[in-house]
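Asker: A single structure is presented below for examination.
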Amino acid sequence: MPRSRRIPRLAAALASAAMLLATAACGGGPDPGTGDSGPGGGASGGGGGAFPVTIAHKYGSTTITSEPERIVTVGLTDQDAVLALGKVPVGTTEWLGGYEGAIGPWARDELGDGPVPAVLEDTGTGPQVERIAALKPDLILALYGGLTKEQYTSLSAFAPVVAQPKEHNDYGIPWQEQTKTVGRALGRAEEAAKAVESVEAEIAATAEEHPGFRGTTAVMATPYEGIFVFGSQDSRSRVLTGLGFATPDSLDAAIGDRFGAGISKERTDLLDQGAVVWIVGDVAKDSRKLHQDASYQDLKVVKEGREVFIDETSDYGHATSFVSVLSLPYVIDRLAPQLAAAVDGSPATEVRQPAS
């Protein structure tokens with residue numbers, strides 16, 4: 001994915017015949033005796049312990065027999081959930097920001113003084129299978145991602161893989177489900193539930209402080225190859241709905257079941273909502289360019305000053321796209337004041353950039 005636009009790409013298939021033959025040994029396929037229930041599956045086994053646990057996903061289900069110690073995150077934001085639950089991955093996957101260990105500043109405290117994870121890359125052909133194997137993982141997490149069946153099978157040759165859930169679009173798992181699924185995979189389900197509850201309470205408190213958010217329609221977009229709008233199942237859009245905003249019904253009708261899609265100039269009406277949040281590479285340059293576009297400049301959302309701009313190259317911009325149990329408090333502290341200024345009913349109110 002081009003780092004400059006923060007749009008997750010769907011990984012291309014990996015062909016690895018030798019690894020395909022080894023899959024059965026890793027417990028990656030469906031287990032008819034697991035007793036799975038609901039999204040993410042359910043635990044199996046007796047004794048009252050956390051393991052073995054079986055987790056359902058897009059390609060069947062995966063059983064984890066003991067507490068993982070060498071975790072590799074292929075999902076682009078999965079490392080935050082691991083860190084929040086007191087574990088440090090041995091490998092993470094680079095997405096944005098270029099941070100050491102692919103750990104953003106909002107998660108740095110959870111990293112502590114231990115070893116920094118090795119950073120893997122997804123260059124467009126899928127996960128770096130050989131590098132992942134060299135890390136000797138005992139669990140591979142790919143929840144916020146888009147593994148193909150072939151990639152899942154290849155990775156399953158040397159460790160249990162928890163792929164993206166089938167109930168959501170690729171790159172569409174909600175942060176709550178991501179955190180709780182990681183919690184079950186690590187044997188820390190109770191801690192995960194408490195972490196989710198804490199962040200949800202913070203978001204709810206922020207929404208309560210801003211009653212003007214409730215029911216107001218809002219969209220997130222980026223000037224990628226014209227205009228790219230994020231759908232209701234995208235994590236960024238869920239930040240807005242978590243604060244009380246509503247996504248317009250016309251949004252998903254226009255972009256289908258994808259996490260987002262480019263729209264033509266004839267459909268800029270999708271942006272004419274109670275608020276529009278732009279994730280841009282250069283706030284001054286990109287806002288000026290947008291306002292020079294005849295199909296955009298005359299929208300009410302523009303004339304009434306209901307735009308929010310986020311610099312995607314900043315830590316704030318990176319965190320906005322990350323949407324994790326650790327990044328959300330960092331984002332809400334900065335986004336809520338901007339949104340409040342945008343929807344206060346006065347076009348004269350300036351929507352300021354956060355100080356940091």
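The values are calculated or read from the model by the stated rules, or taken from the named source; none is laboratory data. Note that this is a predicted model, so its numbers are computed, not measured. All Cβ positions, glycine included, derive from the backbone under ideal geometry; neighbour counts span all protein chains shown.
Asker: Within region 130-167, which residues are part of a helix (DSSP H, G or I) and more than 22 Å from the chain's Cα centre (by Cα)?
Answerer: Hits for region 130-167 are Glu130, Arg131, Ala133, Ala134, Glu150, Thr153, Ser154.
Asker: Residue under question is Val182, and the condition is that it be more than 24 Å from Ile132 (Cβ to Cβ), part of a helix (DSSP H, G or I) and not assigned by TED's automatic domain parsing to the domain that holds Asp257; does it hold?
Answerer: Details: more than 24 Å from Ile132 (Cβ to Cβ): no; part of a helix (DSSP H, G or I): yes; not assigned by TED's automatic domain parsing to the domain that holds Asp257: yes.
Considered against the rule, which asks whether it is more than 24 Å from Ile132 (Cβ to Cβ), part of a helix (DSSP H, G or I) and not assigned by TED's automatic domain parsing to the domain that holds Asp257, Val182 comes out as no.
Asker: In region 231-242, is there at least one residue being over 19 Å from the mean Cα position of the chain (by Cα) and not hydrophobic (A, V, I, L, M, F, W, C)?
Answerer: Restricting attention to region 231-242, the residues satisfying the condition of being over 19 Å from the mean Cα position of the chain (by Cα) are none.
Checked against the condition, which is being over 19 Å from the mean Cα position of the chain (by Cα) and not hydrophobic (A, V, I, L, M, F, W, C), region 231-242 yields no hits at all.
Asker: Within region 232-243, does at least one residue satisfy the condition of being touching a His at 6+ places or on another chain (Cβ under 7 Å), farther than 27 Å from Ala348 by Cα and in contact (Cβ under 8 Å) with a residue 12 or more places away in the chain?
Answerer: The answer is yes, given that some residue of region 232-243 is touching a His at 6+ places or on another chain (Cβ under 7 Å), farther than 27 Å from Ala348 by Cα and in contact (Cβ under 8 Å) with a residue 12 or more places away in the chain.
Asker: Could you say which residue among Ala294, Ala284, Ala342 is in contact (Cβ under 8 Å) with a residue 40 or more places away in the chain and among the small types (Gly, Ala, Ser)? Walk me through it before giving the result.
Answerer: Details: Ala294 fails: in contact (Cβ under 8 Å) with a residue 40 or more places away in the chain; Ala284 fails: in contact (Cβ under 8 Å) with a residue 40 or more places away in the chain.
Exactly one of Ala294, Ala284, Ala342 is in contact (Cβ under 8 Å) with a residue 40 or more places away in the chain and among the small types (Gly, Ala, Ser), namely Ala342.
Asker: Continuing with the same structure: What number of residues within region 82-98 satisfy the criterion of being crowded, with 24+ Cβ neighbours inside 10 Å, among the β-branched types (Val, Ile, Thr) and not in a helix (DSSP H, G or I)?
Answerer: Total meeting the criteria: 2.
Asker: Let me ask something else about it. Do the conditions hold for Asp249, that is, is it farther than 15 Å from Thr222 by Cα, surrounded by fewer than 22 Cβ atoms within 10 Å (Cβ to Cβ) and free of Cβ contacts under 8 Å to residues at least 12 places away in the same chain? Even if it seems obvious, please write down each step before you answer.
Answerer: Details: farther than 15 Å from Thr222 by Cα: yes; surrounded by fewer than 22 Cβ atoms within 10 Å (Cβ to Cβ): yes; free of Cβ contacts under 8 Å to residues at least 12 places away in the same chain: yes.
Here the answer is yes, as Asp249 does meet what is asked.
Asker: So which of Glu130, Glu94 is over 22 Å from Glu190 (Cα atoms) and without any contact (Cβ under 8 Å) to a residue 24 or more places away in the chain?
Answerer: Criteria check complete, one pass: Glu130.
Asker: Follow-up. Of all residues in region 99-120, which are exposed (fewer than 13 other Cβ atoms within 10 Å of the Cβ) and touching a residue at least 24 places away in the same chain (Cβ under 8 Å)? Quick ask: steps written out before the conclusion?
Answerer: Residues of region 99-120 exposed (fewer than 13 other Cβ atoms within 10 Å of the Cβ): 100, 109, 112-115.
Within region 99-120, Gly112, Gly114, Pro115 meet the criteria.
Asker: Could you count how many residues in region 179-204 are touching a residue at least 12 places away in the same chain (Cβ under 8 Å) and either farther than 18 Å from Leu240 by Cα or of a type in the set (Phe, Trp, Tyr) (or both)?
Answerer: Final tally of qualifying residues: 15.
Asker: Also: Run down Ala185, Ala192, Ala159 and say which single residue is among the aliphatic types (A, V, I, L, M), crowded, with 18+ Cβ neighbours inside 10 Å and in contact with a Ser or Thr (Cβ under 7 Å, 6 or more places away or on another chain).
Answerer: On the way: Ala185 fails: in contact with a Ser or Thr (Cβ under 7 Å, 6 or more places away or on another chain); Ala159 fails: in contact with a Ser or Thr (Cβ under 7 Å, 6 or more places away or on another chain).
The match here is Ala192.
Asker: Can you confirm whether Gly274 is under 18 Å from Lys300 (Cβ atoms) and either modelled with pLDDT of 90 or more or in the same structural domain as Ala163 (by TED's automatic domain parsing) (or both)?
Answerer: It is true that Gly274 is under 18 Å from Lys300 (Cβ atoms) and either modelled with pLDDT of 90 or more or in the same structural domain as Ala163 (by TED's automatic domain parsing) (or both).
Asker: Right, here's the next one. Just the residues that are within 17 Å of Ile140 (Cβ to Cβ) and outside any loop (DSSP other than H, G, I, E, B), please, taken from region 185-204.
Answerer: Initially, region 185-204 is screened for residues within 17 Å of Ile140 (Cβ to Cβ), giving 185-187.
Within region 185-204, just Ala185 meets the criteria.
Asker: Just a yes or no: is a residue in region 281-297 in the same structural domain as Tyr224 (by TED's automatic domain parsing), out of contact with any helix residue (DSSP H, G or I) (no Cβ under 6 Å at 6 or more places or on another chain) and within 20 Å of Thr217 (Cβ to Cβ)?
Answerer: no
Asker: Could you list all residues from region 257-287 that are buried (at least 21 other Cβ atoms within 10 Å of the Cβ), under 20 Å from the mean Cα position of the chain (by Cα) and not aromatic (Phe, Trp, Tyr)?
Answerer: Selection gives Gly260, Val276, Val277, Ile279, Val280.
Asker: Also, I was wondering about something else. For region 308-316, does any single residue satisfy the condition of being farther than 24 Å from Leu111 by Cβ and under 19 Å from the mean Cα position of the chain (by Cα)?
Answerer: Scanning region 308-316, I find at least one residue that is farther than 24 Å from Leu111 by Cβ and under 19 Å from the mean Cα position of the chain (by Cα), so the answer is yes.
Asker: Considering only region 321-335, I want to know if a residue exists there that is modelled with pLDDT under 95, in a helix (DSSP H, G or I) and closer than 18 Å to Val219 by Cβ.
Answerer: yes
Asker: For region 194-214, does any single residue satisfy the condition of being within 19 Å of Val53 (Cα to Cα) and outside the structural domain of Val74 (by TED's automatic domain parsing)?
Answerer: no
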